[in-house]
Every structure is written in structure tokens, then in C-alpha cells.
Amino acid sequence: MVNKFLQLLFVLFICASMQAQVTYSDDFEAYNAGSTVVTNNSTNWRTWGSTTGGAADDAYITEEAAASGTKSIKIEATVADGGPEDLILKLNNANVNKGLVDVSFNLLVVKGKSGYFNFQSTTTPGTGWAMEFFINNDGTIDVSSNSKAFSNQLTYTPDKWFNFRAVIDATNNLWQIYIDGECKATYRSGLASVASIDFFAASGSKYYIDDVVLNTDPAANTAFEGVEAGLMNFNATQGIQIAGTDIKTSVLLYNVGKDTITSIEYTLSGNNGTETEELTGLNIAPKKSFTIDIPNEVTLADGNNSITLTLNKVNGKDDELTCNNTVEASFSAVKPADHRKVLLEEGTGTWCGWCPRGAVFLKAISPAYDDYMIPIAVHNGDPMVVKTYDNEVTSFSGFTGFPGMIVDRRIVVDPSAALAPGLTYLRETPDATLSIGAKEPDADGNMEISVSVDYLQATPKGYSMILTIVEDQVKGTTAQYNQANYYSGGNSGAMGGYETLPNPVPAAQMVYEHVARTHDHAVKNMAATEVGEKVVKNYTVKLDPTWKKDDIKIVAVLLNSSNQVSNANDESIEDAVENGFVTSSTEKILVNTNINIYPNPTGDQTSVSLNVQNPSNVSATLIDALGRVVLTKDFGKQQGTVRMNLDVKGFAPGAYTVLIRTQDGIATSKLIIK
């Protein structure tokens, strides 16, 4: 354990050194309200575009708000894209890569507005963003370095003055961030130096700056004896954002001490409680870092899940700094509505050089979210185009270019942003469940398909139905299957490996997924329905002999009267055939059946009883929360009070729908399997 007396001397040395090197402090009381900052003080301030005062991006002294006295600096965006204020505080008129920088200031972010500032890496603005602080209007502050976000957020109170302080140990690349005097997090910059702070009027921002204090000591040399380690970049590595599922995490462990790190003790706190573990067998040399996989699983709950990882000991000892020993992250999850699936339609094409982005982000969604989302790649201007589908996508309101992702026929986003709204829509209770059945294709490739729509809610007239055949693992041999690739060479950043591929990517190296092969939107202006009503629609689809049957999915989509997705479902041909083809009909909802299920909940056997008024063949179907038929059983001709036994042993726990079908109509009830 570190000698506490020596640690105190180390802290006092830093404080004394800082106090001896005060380079600038200002409460702006000496300046006239309405004057510009750089006009008053061009020694310590400049703007992004000018070193002299009065430029268009200079900021003004104001009496609208102040933390002390009556005056402060006002930064407010007055144009849609941000600006014009872009004020820079010089730290030492040099690119600082060693020694200590201690800078603090008071901030007031107006309620409903945001704020933004960054630390520039060199004295030439725009060379590099060493650290960025995005002050959100919800009281959180996101932090990033060199365009890479950190998991640790900071917090503040909107419409209230708070003190921000950064103590930068440039020698060891440690940025300790204090809010109102308390060290909240430690970050490490992705760049080698720091030179200034840029206060920019980003879009939607309005904030005030007061009481700036800047201390620098380029000669200070912080050396940690023994062990000194810290944590950064606490991220999820496995799992999906669905409530009830488990995720795994990783964290970056860095070593700024003199000893090689061979073991750590940590505590993980989250929805599973608190777990303390030891990791051994490490080999992290001084000045090195390593990403560690945390073996503990965390079960996500609905909503935001705050998880904390604390470094307790390094090599069995306490280390010197504590502010860099804790990282927090928030992982959001949603509880899907029963039977709900979200539709993702991507406009793409082999000619589109930016469209590899769509393929990369769809790969991140599928197959991970296949139980909850249905991706379809709708091609344009290439051999895989389905013109009617292409026309429907490109004419959708808000679709302006490729790649574009239509989420549930509501909004158009970049493919990289499709998951978040998809998860939001997944919470919504659908109007109906969709069950897909089929017959085996005949010798000519004709396949009969049925879509059974069981209404959970009453619907008005005007709904419509889409049926689409989607194929995975599509390959081509001609030049038309070459994929244009603007990510080639890496100048546009990493993109799932496409940065290492040529432009265009030869057809021999391309495999296209989720390709729309057919599109049928003939069923429109459907009649109004009641709760519990069942409607069955029949289709005949001709499969091209070049399509691979095992890679095909049948997709059914129910659109509401506003042309938004009410629900969707998909099945492989094999599963659709197993579900069975249902003849087109509209089934009546039975009343006065006195349907009863007992025991309920159950984990083994249950009995369904109901009253069948007229002699009829009776069957029972069990449907899970995703709308999948998991059990069908025929009970032959029945009349009167009928009791039917169902064996549900081995089925996954959850909520199910029991659907009883007779010749007179259908009846439904809920069953909980535990």
C-alpha cells in the first residue's frame, strides 16, 4: 500500500507548483458590457479565425448572468448550423505535451439549451480535438477524444452555475475532470498534446462563462511509484438491447506506474447486484494499456441500466489515484410488446459507393435481432432490383438518397441510426398477429402462401398488406454485381472491413443479404375489424429457379391506414410449410364460449375448456409472444362442454395465446408458462 504521507506530499507538491505558476485569471468585471472578449484581451484569447478582436466569431461580454460580480462571456448559437461565436482560450501559447495544466471556469447552461467546448491539440485551430465536452440539455455531458466517445458521462444541473475544472497531467496523459470541486472522471486523450480551449456556439447552444483560472507548469514531472492504473472505455461486447437478456462487457486498463500489472481486483455493480472478482495472469507493462473482457454477465432491465466497474486493487495493492478507478456506463434495453416485429427497409444498389455502410450496419442488427426486426435490402439500378418495391421505397416521404433506411414506414434515417428508433417502436402493441403458412412449391416454382391476421385490437377501414420474398447469400458473376466502395483505402474511415477492399469490390468477393426478390402490395383498403377477428389472405408466388430455397424468407407486413407498419412477421419456407397453408377466409369471433384455462400459470400440463354450441371440428393452437405457432393439436368433432389437455412441458417461460378454432369461429385466451 502506498505510504499516505508520501501521497500527501505529492498532492501538496502539485498544488504548490500550480499556485506558483498562475498564468491567467479573469472575472471579466474590468470589461464593458457589449464589448468583445478578444478586443479586451488578445494575449489570452483569440477566435477560431482571427487573433485580433472584433472578428465575426468573437464573443461578447454581457450582464445577463454572472457567477461572481455582474459580468460574464455569452456564447449563443444564432444560426441553425451553429455560430458565429467561436472563442479560444490559449493555455500556454504552445503545444503542451508534458508538465501540468490546471484550468477551471464557471458555466451556466440555459435550461432547454445545450453547450459545447473542446480542447484543441495544437496552437493552430482545427489540427486536432484532444478532448470534447458535449453539454446536453438533459443534464448530462458526453466526452470524446479524437472523435472517439468515452463511456463515462458527466452530469450538471441545467440553468444553474457549476464549476468545471480539468487537471491535465500531460506527461502521463491523465485528464482529471472536476465538477463543483469533486473529481468525477479521468480520461486519456487520443492526441499527444493540448494547446487551447475552444468555446463554440454549437447548434442549439446558449451558455455563459465566468471566473476563468488557468495555471500551468511545463516543468512539473509527475512520477508514480509502484502501481498506478486506471480504467477507461467501459463497453458492452456481447448481447442485445432487449430486457431480460444478458450482456458482457470489456474495459481498457492502462498502466502509468513503474510496475508491470499482473493482477487486478474489481467490483461490478448493476442489476445483478454487486460482484467482486480477481483477474490474474495479466502482463501490462508500464506506459501500456490492454482491453480486458469482464467475465461477469449483466442482465438488462427495461429502460436505462447503470453499471459501475471499480478497480479495487492492482497487484494486490491500492494505487495512488482513485479518480481513475471507477467507470460507469448506461446500457438501454426495451421490453418488446408481445408478437411485435419492426420492419427495416434499406434503399441500396451496387452502383452506390456509400451503400457498404448499409450492409455493415444491417449485419450488426441481423441475426442478433432476428426475433424482433426484419431487414430488407431493396435494390435500385442493379440486377437485384424489384421495380415496384424500389418505386415504393424511393417515393417514400423523406427518402432523399442512398443508402437510406425506412424504419417501420415512419421515418428515414441513415442505416447507422436505424436500431434506436426500431427499438422504440418495438414497445408498441401491434394491432394484430401475423401467421405465415405455405405449401411446398410445385415443379414450376409456384408456391401458395397464406397470411393469417388475428386482430388484437379493433381497426378502421383502410389497412393494407405487403408480401415479400427475401433471399440471403445472393451472389452474382457479372460486373453488374461489383459493389462500388467509397470506403476503399480508409480515407473515409473504417467501415466493417470495406476500407481494406478495392473500389469496386469484385462480384466474386460480394455476398448480398436480405435481398428483396418479390413485392406484392395488392391487398389494400381492407375492411374494418373487431377485436379477436381473424382474416386470412392467400397468395401465389413464383420462385425463380436460381433462388436458393433454404436461403429464402417470406415476409408479411400489415400497414395501418396511415401507411405505417402495424406489425410484421417472417418465416423460412420450411417453417411456413410446417405451419400449414390456410384457406382465405374471415373468421367470426365466438362469444359465450366460457373459455377457461386451468392451471394457469403452468409449467407442465394444462386444460382448456369451452362451450361448443354446434357440432364442429375443434383445434387448439399455441402462439408465443413473437407470433410464432409453437403447438397445434386437433381434437376432432366436439359439441357441448369440451375439455382439451395440452402438454406445454419444455416450452420457454412467458406469455402465450391459446387460439381455439371451430367451424363457427375462433376464441382466444392467455396462457402463462412458468
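The values are calculated or read from the model by the stated rules, or taken from the named source; none is laboratory data. Keep in mind it's a predicted model, so treat the numbers as computed, not measured. Cβ coordinates were reconstructed from backbone atoms using ideal geometry, including for glycine residues, and neighbour counts include every protein chain displayed. Please note that ligands, DNA and RNA were not included when accessible areas were found on the heavy atoms of the full protein model with its side chains. Shrake-Rupley method; radii C 1.70, N 1.55, O 1.52, S 1.80 Å.
Among the numbered conditions (1) crowded, with 20+ Cβ neighbours inside 10 Å; (2) free of Cβ contacts under 8 Å to residues at least 12 places away in the same chain, tell me where residue 149 comes up short.
The single condition residue 149 does not satisfy is (1).
Can you tell me which residue in segment 40-99 is most open to solvent (accessible area, probe 1.4 Å), limited to those that are acidic (Asp, Glu) and in a loop (DSSP other than H, G, I, E, B)?
Looking at residues that are acidic (Asp, Glu) and in a loop (DSSP other than H, G, I, E, B), I get 81.
Restricting attention to strands (runs of 3 or more DSSP E) lying wholly within segment 471-572, give those where 3 or more residues are farther than 26 Å from residue 381 by Cα and not acidic (Asp, Glu).
520-526, 534-542, 565-572
Please indicate, with yes or no, whether at least one residue in segment 589-612 is closer than 29 Å to residue 344 by Cα and touching a Lys or Arg at 6+ places or on another chain (Cβ under 9 Å).
no
Please state which one of 646, 610 is under 28 Å from residue 372 (Cβ atoms) and free of Cβ contacts under 8 Å to residues at least 60 places away in the same chain.
Working: 610 fails: under 28 Å from residue 372 (Cβ atoms).
Just a single option satisfies the conditions, and that option is 646.
Quick grid of which residues meet (1) surrounded by 13 or more Cβ atoms within 10 Å (Cβ to Cβ); (2) hydroxyl-bearing (Ser, Thr, Tyr); (3) within 22 Å of the chain's Cα centre (by Cα):
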position	(1), (2), (3)
246	yes, no, yes
260	yes, yes, no
270	yes, no, yes
275	yes, no, no
281	no, no, no
289	yes, yes, no
295	no, no, no
298	yes, no, yes
302	yes, no, yes
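What's the number of the condition residue 428 fails, among (1) of a type in the set (D, E, K, R); (2) open to solvent by 50 Å² or more (accessible area, probe 1.4 Å); (3) assigned to a helix (DSSP H, G or I)?
(3)
Tell me, yes or no, whether segment 22-36 has at least one residue that is modelled with pLDDT under 95, open to solvent by 40 Å² or more (accessible area, probe 1.4 Å), touching a Ser or Thr at 6+ places or on another chain (Cβ under 6 Å) and in a strand (DSSP E or B).
Yes, there is a match, as at least one residue in segment 22-36 is modelled with pLDDT under 95, open to solvent by 40 Å² or more (accessible area, probe 1.4 Å), touching a Ser or Thr at 6+ places or on another chain (Cβ under 6 Å) and in a strand (DSSP E or B).
Would it be correct to say that residue 192 is under 24 Å from residue 25 (Cα atoms) and in a loop (DSSP other than H, G, I, E, B)?
no
Find the residue count for segment 228-244, including only residues that are under 20 Å from residue 185 (Cβ atoms) and either in contact with a Gly (Cβ under 9 Å, 6 or more places away or on another chain) or open to solvent by 10 Å² or more (accessible area, probe 1.4 Å) (or both).
Residues meeting the conditions: 6.
Go through 640, 665, 636 for me and flag whichever is at positive phi and buried (at least 17 other Cβ atoms within 10 Å of the Cβ).
Answer to the selection: 665.
Please work out if residue 375 is assigned to a loop (DSSP other than H, G, I, E, B), touching a helix residue (DSSP H, G or I) at 6+ places or on another chain (Cβ under 6 Å), in contact (Cβ under 8 Å) with a residue 12 or more places away in the chain and more than 30 Å from residue 166 (Cβ to Cβ).
When the stated conditions are applied, residue 375 does not pass them.
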